[in-house]
Amino acid sequence: MNPIRIGQESGRANAVIEAAGAWLLAALWILPLAYALWAAIHPSAYSAHFIPNAPLTVQNFVTAWNAAPFARYFLNTFLLVTMILATQLVLCTLAAYAFARFAFFGRDIAFIIVLLQLMIMPDVLIVENYRTMSAFGIVDTIPAIGLPYMASAFGIFLLRQTFKGVPRELDEAARVEGAGPLQVLLKVYVPLAKPIYIAYGLVSVSYHWNNFLWPLIVTNSVNTRPLTVGLQIFASTDQGIDWSVITAATLMTSAPLLIAFLLFQQQFVQSFMRAGIR
Amino acid sequence: MRTYVPKTIHLVGSIGLDTVEDVFRTVGMELGPYLKRIPDGEVGGRKLWISWQYPLLRASTYLRPDPSGKVRPTNRFALLTLAKGVASSDVHFGELGYAREARASYLDFIEAPDTWDELVADGAKLTKRDAAGNVSQWAVEIPSTGFPYWLFQGLTTANNVRLMNQAGTETYFDKPEVIQALQFWVDLSRKDKIEPQGTIEWGTTPKDFFERKTAIMWTSTGNLTNVRSNAGFPFGVAMLPAHQGRGSPTGGGNFYLFKKMTDEERTAAFKFVRGMTTPERAADWGIATGYVAVRPDAWDTPAMKKYVADFPAAAVARDQLKYAVAELSTHDNQRVTKALNDGIQAALTGTKTPEQAMKDAQQEAARILRASR
Amino acid sequence: MNAAAEPIARGLAEEAGRMPPPAVGPVAPRTSPTRGAPIGLSAHIHGWLLLLPAAVLLVTFTYYPAVATIIDSFFSTPKGRRNAAFIGLDNYQAMLDDPVFWRALGNNIVYAASVIPLTIALALMMAILINGKIAGRPFLRLSFFTPTVLPMIAVANIWLFFYSPGYGLLDQFLGVFGFATHNWLGDEHTALACLIVVAIWKDAGFFMIFYLAALQQMSPQLAEAAAIEGASRWYFFRRVTFPLLMPTTLFVLINAIINSFRLIDHIVVMTRGGPDNTTALLLFYIYEVGFKFWDTAYAATLTVVLLALLAFLALGQFLFLDRRIHYQ
């Protein structure tokens, strides 16, 4: 679908300038990343000098990989985002179903209160949440990183909106066949909300893969630390920064999301769009 | 057939290579211990012996091509004669670069400045500026992000003043000697202009050194192995310059054993600490990272002795230890050091005068320490 | 999770009966809320049971901490042998006397006021560019959106390299044009601006996607009608496109506001609040006070200020902007 251009009287010249401008902006935009890539694939001495035939090397990636337990960090991050997403899907589905289809006492007020969480993010309540985790004795565990995020107001809201749009007839039809409320949920509502689940899933994974401050505070050891914290500890400046190794480590830790994004660009973009406009 | 082994070699002609360093390296590698004498070289553009002189003469406003149009047969250069209205006593050529380059090359091999005054004096020579006045190499970088208080102690100890009392309950940031030390640091960038202005990032200082953006850098011994592996050029290590006295802060971290531990934990912790601080382990650590080894007998282990023999620079920090003082450490340490750090950074960026910055820092520190009693 | 204000605004409006619910999938006929669903006691019980797990977590990790933060701000910090003692407004007094707090607050406001409009404007511009008929749109979109999938920590490390005086890319680039090297992150005049640029770089692509979606939903008849009327592109943009994009703008605005208070990862990497607190933001100061100085009561006090600020901004948005939104 091509939107019609208005006022194309000044026509081609404008279009060319615009295209050039867009390309220039895009080139500038990707420049930092390209710079990081340059530094990562060339030896240290060439990291700041752009000599076209400088030798290529993968040594930086090898050094980075060996210098910190990145394999364990990858595992931790993977466990973390999976755990968070799984619980989010379950909890938010149940809550959204309740809000969408059950007229229970205090429902509307409860919903408004849930929406408050959008502004009172767990990220801001780091001091108190740390104290809570400490009291429960679960500081420095992977669940501790995930718990504040598992009940997501955003997820509840999205799913409620979606469930509300499901036609009542389907609900009634299932009920007529003797299904209890949970079965109706599983058989009718969940399948219909699949695109939303995917959209939400991508947004959630993306967010939690990249989250830094709370995991930094709540983890102390290699066994729980996710990639972002691991990268920061690795890159911290006490012994001087070797840009080639650090950019290699940086690219390495961003690689999964980056590659996933490159392969599934369309879906990624569609998901983010969907998550926003519904 | 007999091979002739020289006893000594004197070079009498110039070695025509691009830089002084190249000359010394090449000559040193080839002639090594036999070389006793080498003349001042002509390097870079002047390595073509007298051929380099012609463009200079040609460009001079006092000379012009000879009207006869004659050329030198060997190189077809046009003969020159005095320009119209110019007497031979008028002709002069300005700086040809011999003296400047000789001085600069000599600096490549000078000793590190040993006092504050020497630092400033040498700094003027070490700071290289290009034609537009932009600096291409600074004389010194003393990093000031992250934990500026630490290197600041290198300056205050050299000025014979302590920043805190032994018990860690009082600080002395506003003593005149402390303010003087800070003033000296600020002057390096603002008055003497041999250090970059503003705060200098700790993490990138070694890279600056490798890239020859700075001739001297102040840094942790922990960077020694890093510099040795990555500098790519010969470098030296020296003690921090002295003033009223000499000194540096110690660094490193401590092992703490808590009172509230189970017996199991206590035994395990003690075992760990003991293992980490054996002479062999301390030597190991020092060699691998460059950090100065934490116990004197570590320096007597065979590994360490060999390391120091190969790399004498490693012993400098050890020898400096006799002038060292404890790192700044008080009650509510993080807050107090932040007050001092902020003050140092404010002075370096020019937001406050050193006096004002230290007075404010002292006030803040006193307030914090009062509250923690 | 990031907020979704436009859907919220719509949702709330719907609840108030001001407008029909948006069409989602097959159109649902208007029915009473409880037709076909359990009513009476079992509805209440089932409803609450379904809500319970989420509610428990929300209360434990959002509402209780928020309330506890407010309460803690009236007590002193427990230290070793001393327990927390009620000290009334002393913490607030100390906060008002604390120059670093005012610095952090001021910085945060400047930071937010710079990042938010610039990011949104850029995002809008990018979306319009990509929506047009320019060659190589997938590359453009890739280039703009990639910073979004990177962790801010990674972004900050790359930009730290970028900003290095002398051999960093920025100085090398400017050096070509004859500018002197500059200590970007170590100069109190440029440090905050540098962080602002990083934040914009990270988020503009993210917001661009939402604008793209909205632009693609715009009916082409509008453009046709305007062309027939002879409207200029700027006029069309100002009078038609931008107002119609208001819901997206509101959504993006909330996201941007939240991010400008929530995202401090780049400070941790690049400047650690320096030089001399010129890049300290509120949440960073809270982190320092709470987890470096372990002064938890004072950190709670600062958090109360941050919460109040966020609440104020949220309220402001709903009340003020909600009135100006056009719904198609």
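Every read-out reported here was derived from the displayed coordinates using simple, explicitly stated rules and does not represent laboratory data. None of the values given here were measured: they were computed from a predicted structure. Backbone-built Cβ (ideal geometry, glycine too); neighbour counts: all protein chains shown.
The listed peptides B:290-301, B:211-222, ordered by packing as a protection proxy, come out as B:211-222, B:290-301 (highest mean of other Cβ atoms within 10 Å first).
Computed on the Cα trace of region A:8-62, the radius of gyration divided by the Kirkwood hydrodynamic radius gives Rg/Rh = 1.29. Hey, for a label at B:VAL325 modelled as a point 7 Å past Cα toward Cβ, could you say which residues of region B:346-373 have their backbone N under 18 Å away? Within reach of a label on B:VAL325: B:355, B:358-359, B:361-363, B:365-366. Across peptide B:135-142, the mean count of Cβ atoms from other chains lying within 10 Å of each residue's own Cβ comes to 1. Beta-bridge orientation, the protein assembly as shown: approximately 55 percent antiparallel, per DSSP, counting only bridges with both partners inside. Approximating the spin labels as points 7 Å out from Cα along Cα→Cβ, the B:ARG295-to-B:THR8 distance works out to 4.9 nm. Averaged over the residues of A:89-97, the number of partner chain Cβ atoms lying within 10 Å of the residue Cβ comes to 4. Taken along the Cα-to-beta-carbon direction at a fixed 7 Å, the label points for B:TYR172 and B:ASP187 span 2.1 nm.
Put in order of Cβ neighbour count within 10 Å, fewest first, the listed residues C:MET125, C:MET270, B:MET29 become B:MET29, C:MET125, C:MET270. Exposure proxy ranking for A:PHE61, C:PHE318, based on other Cβ atoms within 10 angstrom of each Cβ and starting from the fewest, stands as C:PHE318, A:PHE61. When chain A is described by a simple charge dipole with +1 on each Lys and Arg Cβ and -1 on each Asp and Glu Cβ, the residue from A:TRP23, A:PHE78, A:ALA173 located farthest towards its positive end is A:ALA173. Descending by average beta-carbon neighbour count within 10 Å, the peptides C:216-227, C:100-111, A:184-195 line up as C:100-111, A:184-195, C:216-227, the highest first. Using Cα pairs closer than 8 Å and at least 6 residues apart in sequence, work out the relative contact order for region C:92-322, in percent. Worked out over region C:92-322, it gives 30 percent. Rounded, prolate or oblate for region B:206-358? Axes are the square roots of the Cα gyration tensor eigenvalues, ordered a ≥ b ≥ c, and the cut-off for rounded is a/c under 1.5. Oblate, because a/c is 1.5 or more while a/b does not exceed b/c. Counting only Cβ charges, +1 for Lys and Arg and -1 for Asp and Glu, the dipole size of the protein assembly as shown around its Cα centre is about 1500 debye. Annotation: lysines with alpha-carbon distance below 28 angstrom to B:LYS7 (same-chain offsets under eight excluded): B:LYS36. Under a 5 Å amide H cut-off, with hydrogens placed 1.01 Å from N, B:VAL71 pairs with B:LEU79 among residues at least 5 apart or on other chains. Normalised by the number of residues in chain B, the mean separation of alpha-carbon contacts (under 8 Å, six or more apart) gives a relative contact order of 16 percent. Dividing the summed -39500 (n - 2.57) terms of all DSSP H runs of n ≥ 4 by the residue count of the protein assembly as shown sets its mean residue ellipticity at 222 nm at -18000 deg cm²/dmol.
Could you tell me the calculated FRET efficiency between B:ARG64 and B:ASP130, based on Cβ-Cβ distance and R0 = 30 angstrom, to the nearest 0.05? Rounded to the nearest 0.05, the efficiency is 0.45.
Give the shape of chain A as rounded, prolate or oblate, defined through the alpha-carbon gyration tensor: a ≥ b ≥ c are the square roots of its eigenvalues, a/c under 1.5 means rounded, and otherwise the shape is prolate if a/b is larger than b/c and oblate if not. It is oblate, given that a/c is not under 1.5 and a/b is not larger than b/c. Taking every residue in A:192-202 and counting other chain Cβ atoms within 10 Å of its Cβ, the average works out to 1.
At q = 0.09 Å⁻¹ the log10 of I(q)/I(0) for the protein assembly as shown amounts to -1.10, computed by Debye summation with a single uniform scatterer per C-alpha, solvent ignored. Geometric descriptor of region B:9-90, per residue, is 123 Å³ (volume of the convex hull of the Cα atoms). Of the cross-linked pairs B:LYS359/C:LYS202; B:LYS47/B:LYS70; B:LYS271/B:LYS305; B:LYS128/B:LYS175, those separated by over 31 Å at the C-alpha level are B:LYS359/C:LYS202; B:LYS128/B:LYS175. Counting only lysines at least 8 places from A:LYS187 when in the same chain, those with an alpha carbon closer than 24 Å to its own are A:LYS164. On the beta carbon distance between C:SER42 and A:LEU37, with R0 = 56 Å, the FRET formula returns roughly 0.40. A straight Cα-to-Cα reach below 21 Å connects B:LYS125 with the lysines B:LYS191, B:LYS193, B:LYS213, residues fewer than 8 places away in its own chain not being considered.
Taking 7 Å steps out from each Cα toward its Cβ at B:SER372 and C:GLN93 produces label points 2.3 nm apart.
Eigen-decomposition of the gyration tensor built on the alpha-carbon atoms of chain B gives equivalent ellipsoid semi-axes of 53, 30, 15 angstrom, largest listed first. Report note on the peptides C:295-301, C:165-171, B:56-62: ranked by the mean count of other C-beta atoms within 10 Å, highest first, their order is C:295-301, C:165-171, B:56-62.
With one equal scatterer per alpha carbon and no solvent term, the Debye-computed log10 I(q)/I(0) for region C:99-147 at 0.23, 0.29 1/Å reads -0.81, -1.01.
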